[in-house]
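Okay, so here's the structure we're looking at.
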Amino acid sequence: MTCTVTLLTDFGTVDGFVGAMKGVILSLAPDARLVDLGHELPPHDVRAGAWALREAAPYFPPGTIHVAVVDPGVGSARRPLLLRAAGQLLVGPDNGLLSLAARRCGGACEGWVLDASELHRPQPSATFHGRDIFAAVAGHLARGLAPERAGTPAREWIELAAPRAVRRADGSWRGCVVHVDRFGNLITNLEAAELAAASPAGGWCVALAGAAAGRACRALGPLRTTFADVAPGEWLAYLGSSGLLEIAVREGSASASGAGLGAEVEVRPC
Amino acid sequence: MTCTVTLLTDFGTVDGFVGAMKGVILSLAPDARLVDLGHELPPHDVRAGAWALREAAPYFPPGTIHVAVVDPGVGSARRPLLLRAAGQLLVGPDNGLLSLAARRCGGACEGWVLDASELHRPQPSATFHGRDIFAAVAGHLARGLAPERAGTPAREWIELAAPRAVRRADGSWRGCVVHVDRFGNLITNLEAAELAAASPAGGWCVALAGAAAGRACRALGPLRTTFADVAPGEWLAYLGSSGLLEIAVREGSASASGAGLGAEVEVRPC
Amino acid sequence: MTCTVTLLTDFGTVDGFVGAMKGVILSLAPDARLVDLGHELPPHDVRAGAWALREAAPYFPPGTIHVAVVDPGVGSARRPLLLRAAGQLLVGPDNGLLSLAARRCGGACEGWVLDASELHRPQPSATFHGRDIFAAVAGHLARGLAPERAGTPAREWIELAAPRAVRRADGSWRGCVVHVDRFGNLITNLEAAELAAASPAGGWCVALAGAAAGRACRALGPLRTTFADVAPGEWLAYLGSSGLLEIAVREGSASASGAGLGAEVEVRPC
């Protein structure tokens, strides 16, 4: 059975870094199938990487190995980590990068510190663990190494802070923007399932507040189903494909208005 | 036999959208081979996506499944579509995206509306059919589903308008720029085969008119064979690798001059 | 045994060029595994492409076929080339693009001019040898063609100039920046192995001189091991993952200061 290894990095593809990682994996596991998740993450942006991994990893077959590298602390005391959640194997630095995906995969999550140095490349560099540790360990896993043999069990690891939306006494919700996608859509931490479970008779209406205090609120009206429910250039709020409330401008960019990460979002009965 | 599934989108690779599609395909068809055509199409630019698919799809072995998603109308009444042309299977929204490739593959083209909802992911989202419909159907096709079972036969589908070059009474041709590539080269709708068949004794000479009325014409001289036929920084016209007349600046960018999509091009006996 | 074919180009992925190459390879070698090294090289930048190939190719298993296309001279007298070094097969234009990788792979290097036209696509275009010659030859190699049958032995090929660092009479070294990576790190031609072999008692100290004459020197202090050895925003010099001295700004960009390709670097006993 062919083992799949995905790769997600902030390395770009211009310098050969990703190619070197792929070569290391295939040298150890000649039958592995390599799948790019993406390499154009903003440099050093651990949160952005964690989001992308969270959105992609759960859809792969159990047993898939995901190598993710956004690693500003490379060579420091931060630990190399392997997590297993719902059968997905996540390999990367212990800086929170793997944590959102592990939580979203669900179930019990097990972790190992990748301290079995015989699995690393000989004399690993201090600045490219993507090649010398993470790709090498992924290669061993792809050829059948049990996660238990990749290192020492870890009892805890760094979890990215994930602010939760709050339900207020008057029945309204207050949350915030937790991701801005390529199209400028604003993804919030308001859970579609929770909103649907408590939907008022007249439905929910949504408003966006600027991240900066004092900025006027933008009323977005009732929840819509999809972009085509409003005219091109108009704003809408809808329950998005990640199971979260999203805010967008049809055929435009909501983030171009200046609203971005952390902007406050209110949901009230209409 | 391993089935190949190509992917072409305007999703970028930063948000995990493409990764989710790949996971869905591999979950249904663990042996599929995934091949990226590209994910950096300009957002919502159906014409650009149709061009890229047209340039790539015909070169794959028959039986290849091409999933293409540039889908500003996602969730609206626009239909999900499957086309089969010369053995290539094209999966994507019925908004013209698949039409140029289908025509270029040639032969009879058959179509199906992807309305067999048991092939979609359960409770498909209204905003991410790439994952919930197109990738899912592609996964089923990759594991052997016959196209005939993917939905209801379609009698027609949206075809992108493709302006034809015109031959005038005096033997000259008038066409226009239909694509600008990454290098700034201008690809026109003047067919190399037609120009070659009617080549005058002294050969063809080419001129570019600005898209804006009143802009002066730029004479480009006789057809060249390749870039090296002129000095660096000079303009040239040549019969390009797509079988169309192209206009370029050697080691420079023709589009940087301001000429772009729709700019008029004249071809006359020298 | 599945044969791996890597692809590295300056084509971007928006126009379908890379997709066409992949289709040609799979049509000839349906079992080949395609691996992207990257397609966003700066247009026409042969040096950048040669660097990326040098950084990636040596890590692949012997027998891997690497197709690299940065080809401003396409269609001119420049020759199509195949090199074999340490079991890696390198396919591309004879303009220096393959030369750094061949040297880094090490061992004897053999070359062939790809003049066996029956291996090309019929009537190859003059402007897209990536598809019509290089991908086609790679497809034949992937299905088992011996390199000796791909063309005529070549006795020499174009080697990119690679300036060597100089050791001066006083024991200091003078080198220069030979690559700037995506993070703005400056990679020099000062070899880690040579510096380590001759390390003075007090260690080496590094200074960067601007490329422009008269610009003041920037003292970077002693060699560090990794980024975390200095505070965010501070400069450091370290022996990098390519076996070369590098200069960086922690969580910042050294190249943003204006230092770039060719900038002079001095290494002296501290």
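Loop only per DSSP, at most 11 neighbouring Cβ atoms within 10 Å: give me the trypsin sites (Lys or Arg not before Pro) in region B:113-203, ordered by residue number.
Sparse-neighbourhood loop trypsin sites (Lys or Arg not before Pro): B:155, B:164, B:168.
Using each residue's phi in region A:137-147, evaluate 6.51 cos²θ - 1.76 cosθ + 1.60 at θ = phi - 60° and report the 3J(HN,Hα) Karplus result to the nearest Hz, with x for Gly and Pro.
Karplus values, whole Hz, x for Gly and Pro: 5, 4, x, 5, 4, 5, 8, x, 4, 6, x.
Could you give the dipole magnitude of chain C about its Cα centre, charging the beta-carbon of Lys and Arg +1 and that of Asp and Glu -1, in debye to the nearest 20? Can you show the working numbers first?
Details: 24 positive and 26 negative charges, 61 e Å.
In debye, rounded to 20, chain C gives about 300.
Using a 7 Å offset from the Cα along the Cα-to-Cβ direction at both residue B:108 and residue C:194, what is the distance between the two label points in nm, to one decimal?
So the two model labels end up 7.0 nm from each other.
Calculate, for residue B:160 and residue C:270, the FRET efficiency according to 1/(1 + (r/R0)^6) with r their C-beta to C-beta distance and R0 60 Å; round to the nearest 0.05.
0.35
First compute the accessible area of the protein assembly as shown with a 1.4 Å probe, then give the percent of it belonging to carbon and sulfur atoms.
54
Going 7 Å from Cα along the Cα-Cβ axis for the label, what nanometre distances separate residue B:146 from the same residue across the other copies?
When each copy's label point is compared with this one, the spacings are 4.7, 4.7 nm.
222 nm [θ] for chain C, helices only, -39500 (n - 2.57) per DSSP H run of 4+, per residue, to 500?
-4500 deg cm²/dmol
May I ask you to work out the translational diffusion coefficient for region C:99-211 at 10 °C, viscosity 1.306 mPa s, via Stokes-Einstein with Rh from the Kirkwood sum over Cα pairs, reported in whole µm²/s?
Rounded to a whole number, D works out at 87 µm²/s.
Using amide H atoms built 1.01 Å from N in the peptide plane, name the residues 5+ places from residue C:79, or on other chains, whose amide H lies under 5 Å from its own.
C:94
Am I reading the B/A interface right? What is its buried accessible area, both sides, 1.4 Å probe, to the nearest 100 Å²?
That pair of chains buries around 2600 Å² in total.
Each residue of region C:16-22 in turn: what ³J(HN,Hα) in whole Hz from Karplus with 6.51, -1.76, 1.60 and θ = phi - 60°, glycine and Pro shown as x?
For region C:16-22, the Karplus-derived couplings read x, 4, 5, x, 4, 4, 5 Hz, x marking Gly and Pro.
Please report the base-10 log of the normalised intensity I(q)/I(0) for chain C, using a Debye sum with one equal scatterer per alpha carbon and no solvent, at each q in 0.07 (1/Å).
Result of the Debye calculation: -0.30.
List every residue whose amide H lies under 5 Å from the amide H of residue B:179, counting only residues 5 or more places away in sequence or on a different chain, with H placed 1.01 Å from N in the peptide plane.
It is B:187, by chain and number.
Under the 0.36 nm per residue contour assumption, what length would be gained going from the current alpha-carbon distance of residue C:201 and residue C:219 to full extension?
Fully extending the segment from residue C:201 to residue C:219 adds 4.5 nm.
At residue B:152 and residue C:229, where each label point lies 7 Å from the Cα along Cα→Cβ, what is the point-to-point distance in nanometres?
7.0
What nm distances, shortest first, do you get from the label point of residue A:30 to those in the other copies when the point sits 7 angstrom along Cα to Cβ?
Relative to the other copies, residue A:30 has label-point distances of 2.2, 2.3 nm.
Just how far, in whole angstrom, is region A:116-138 from region B:48-98 if you go by their alpha carbon centroids?
Result: 41 Å between the Cα centres.
Quick check: with the 1.4 Å probe, what order do B:226, B:13 take by accessible area, largest first?
B:13, B:226
At 1.4 Å probe radius, can you tell me the per residue accessible area of the protein assembly as shown in Å²?
Per residue, the protein assembly as shown has 37 Å² of solvent-accessible surface.
Provide the percentage of antiparallel DSSP beta bridges, counting only those with both residues in the protein assembly as shown; round to the nearest 5.
On the way: 121 of 165 bridges.
DSSP beta bridges in the protein assembly as shown are roughly 75 percent antiparallel.
Can you list residues whose amide H is under 5 Å from residue A:260's amide H, if they're 5+ apart or on another chain and H is modeled 1.01 Å from N?
Result for residue A:260 returns A:211.
Relative to the compact globular guide of 2.2 N^0.38 Å, what is the alpha carbon radius of gyration of the protein assembly as shown, as a ratio?
Numbers: Rg = 27.5 Å, N = 810, 2.2 N^0.38 = 28.0 Å.
Scaled against compact globular proteins, the figure is 0.98.
Given charges of +1 on the Cβ of Lys and Arg and -1 on the Cβ of Asp and Glu, with all other atoms neutral, how large is the dipole of region C:38-187 about its Cα centre, in debye to the nearest 20?
The dipole magnitude comes to about 360 debye.
Suppose you put the label 7 Å out from Cα in the Cβ direction; list, shortest first and in nm with one decimal, how far residue A:169 is from each other copy's label.
8.7, 8.7
Within the P(r) computed for region B:1-41, what percentage of the Cα pairs occupies the region above 15 Å?
Result for the distance tail: 39 percent.
Can you sort A:118, C:148 by solvent-accessible area, 1.4 Å probe, largest first?
Listed by decreasing accessible area, they come as A:118, C:148.
Please list B:44, B:129, A:179 in order of solvent-accessible area, largest first, computed with a 1.4 Å probe with all protein chains present. Working shown, then result.
Details: B:44 65, B:129 25, A:179 5 Å².
Ranked from most to least accessible, the order is B:44, B:129, A:179.
Can you find, among C:105, C:223, C:186, the residue sitting farthest towards the positive end of the charge dipole of region C:99-226, where Lys and Arg contribute +1 and Asp and Glu -1 at Cβ?
Farthest along the dipole direction, towards plus: C:223.
In whole Hz, what ³J(HN,Hα) sequence does region A:237-245 give by Karplus (6.51, -1.76, 1.60; θ = phi - 60°), x for Gly and Pro?
10, 7, 8, x, 6, 9, x, 10, 5
Expressed as an acute angle from 0 to 90° and rounded to the nearest 10, what is the orientation of the C-alpha long axis of helix A:46-56 relative to the principal long axis of chain A?
Roughly 90 degrees between the two axes.
How much net charge surrounds residue C:225 when only the other residues with a Cβ under 13 Å from the Cβ of residue C:225 are counted, with Lys and Arg +1 and Asp and Glu -1?
0
Using a 4.7 Å cut-off between beta carbons, which cysteines in chain B end up with no partner cysteine at all?
Cysteines lacking a close Cβ partner in chain B: B:3, B:105, B:109, B:176, B:217.
Would you work out the relative contact order for chain B, in percent, from Cα pairs under 8 angstrom that are 6 or more residues apart?
15
Please find, among residues of chain B, the one with the beta carbon closest to the rotation axis relating it to chain C, distance in whole Å.
Closest to the rotation axis on chain B: B:36, 4.
The values are calculated or read from the model by the stated rules, or taken from the named source; none is laboratory data. Just so it is clear, the model here is predicted, and its values are computed rather than measured. Positions of Cβ are generated from backbone atoms using ideal geometry, with glycine treated the same way; all protein chains shown enter the neighbour counts. Accessible surface areas use protein heavy atoms only, side chains included; no ligands, DNA or RNA. Shrake-Rupley method; radii C 1.70, N 1.55, O 1.52, S 1.80 Å.
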